[in-house]
Every structure is written in structure tokens, then in C-alpha cells.
Amino acid sequence: MKTQVQTTSKKPEGTAICLVSGGMDSCVCAAIAVSRHRETAFLHVNYGQRTERTELEAFQRIAAHYGITKQLTADISYLAEIGGSALTDRRIEVPTTNMENNMIPATYVPFRNTHLIAIAVSWAEVIGAGYIYIGATEVDNSGYPDCRAAYFKAFNRLIQAGTRPETRIEIITPLLHMTKREVVLTGIQLQAPLHLTWSCYKNEKLACGRCDSCRLRLKGFEEAGVKDPIPYE
């Protein structure tokens, strides 16, 4: 599985699909994918999350920035009906403390990445894409089990077993072993439009600055010595 960030002026043949939530990590991942491939398609998934509208707008702005014409926005709002996460169930409070206590937080959406990647694999088989990029991080993250190296390694085996014999699709996780500081610096190096992104789990106008996602993002910018360009409360 490829995790090292490399860019090249000679871009490989074939199409890559990048999962773009609208957040900082997915934006930097998209910048990497675009730098590597002649054609990149963007996939966004609405799953009934609290900040669905703002994330979709961020995705659209990032796609427009890169001039992406091949886009897919999928809806799996049944995850909100299933519930079990503070991101999809407003009866569960989004936590603002204890983000690094090695416990899986209330913001974990059960098995979410599997749903997202499955959509990407289906689309990849249709359009002939050989790579699926996802901006998961294992170092500075909230402890989600579907953001671990072992998970993506297993999913690559599943793709091989569950697609046409001639299909060759690989999940690429270029940010997996990066700290948030490294993600920020990589984004700056690649001139990723970080000002267009949205990471907050709670708010849609001004980021709260207190949820796990905001704290990890702010930590990354602080350690990189760069001011976060999005507005906070």
C-alpha cells in the first residue's frame, strides 16, 4: 500500500478517484491525487451528518478550484437512521474534551468508511479508475478503527476478491502516517486551497474550535507555524 507522498511531472495513465469530504485532510489528499494523475474524479458522500450542507459546499468549492469535471455526490443518509454517532444523531452530544484518551469517541460513525469506499470501488469499475485516494490519518486522529493501516490493507484484499478478474483497483492513503503538522505543510507545499475547507463537527458558519476535529486541525496549524485560514467562534 502506497503511503509516501510523491509528485511527478510525468503523470501516470488512468483515472484516480479521490474521496473529498470537504475537510482539510481530504483537500490535501486531493491535491496529492491531482498532482499525480492526468485525470482525477472527486467523490463526495452525504450521510446525514450535522454539517452536511457546509461540507458539500466545501467539496464543491474544492472541485471548482481544481477544475474537476468528473464528480459524483452520493447520498447514504440511512447512516443517520442507523444512528450511533454524535455526527448523525443530535441526541448525542459532540464531545469537546478527552480527545486523546485512546477511546473510540462518540463521533465515530460505525463502519462509515466501508460504505464510502464501496461506492468508490463501484464507480471505479465503471469509469476504469485504478486508484482510490482517501485522506485517512492514523497518527493524529480521533481513534477511528476504520482509519487504520490494517483496515485499508484488508480492504485492498476485499477489492481484489470482489471485483472482475481484470480489475485492478488500489486504495491509496498518502496521509496515513502523517501528523497534522505534516498534513498542513504538505497542503501548503502543494498549494492546496485550505481556506476552502471545513472540518468542524458541530457548526456550519463559524467553526467551534473545541470538537476533536477542530482541535486536531488547530494543533496542526499551530505546530506548522501557520494561521488557520477558516473562521472560528
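Any read-out appearing in this document is the output of simple, stated calculations on the displayed coordinates, not a laboratory observation. Since the structure is predicted, the reported quantities are computational estimates derived from the model, not experimental observations. Every residue, glycine as well, gets a Cβ built from its backbone with ideal geometry; the counts of neighbours run over all protein chains shown.
At a Förster distance of 22 Å, what's the computed FRET efficiency of THR96 paired with GLU170, Cβ-Cβ distance as r, to 0.05?
Here the calculated transfer efficiency is 0.05.
Report the calculated FRET efficiency for VAL226 and LEU158 (r = Cβ-Cβ distance, R0 = 30 Å), to the nearest 0.05.
It comes out at approximately 0.20.
Within the chain, what percent of beta bridges assigned by DSSP are antiparallel, to the nearest 5?
Taking every DSSP beta bridge with both residues in the chain, the antiparallel ones total about 0 percent.
With no solvent and one point per C-alpha, what does the Debye sum give as log10 I(q)/I(0) for region 15-224 at q = 0.14, 0.16, 0.18 Å⁻¹?
Those come out to -0.81, -1.08, -1.41, one per q.
List the residue ranges in the chain for DSSP H helices whose C-alpha atoms run 15 angstrom or more along the long axis and whose Kyte-Doolittle average is 1.0 or above.
24-36
Dipole magnitude of region 168-233 about its Cα centre, charges +1 at Lys/Arg Cβ and -1 at Asp/Glu Cβ only, in debye to the nearest 20?
Value, rounded to 20: 100 debye.
Expressed as a rounded percentage, what relative contact order does region 15-224 have, with Cα pairs under 8 Å and six or more residues apart?
Averaging sequence separation for qualifying contacts and normalising by length gives 27 percent for region 15-224.
Under a point-charge model restricted to the Cβ atoms of Lys and Arg (+1) and Asp and Glu (-1), what is the dipole moment magnitude of the chain relative to its Cα centre, in debye to the nearest 20?
The calculation lands at about 340 debye.
Summing -39500 (n - 2.57) over the DSSP H runs of n ≥ 4 in the chain and dividing by its residue number, what mean residue ellipticity at 222 nm do you reach, to the nearest 500 deg cm²/dmol?
Per the formula, -11500 deg cm²/dmol.
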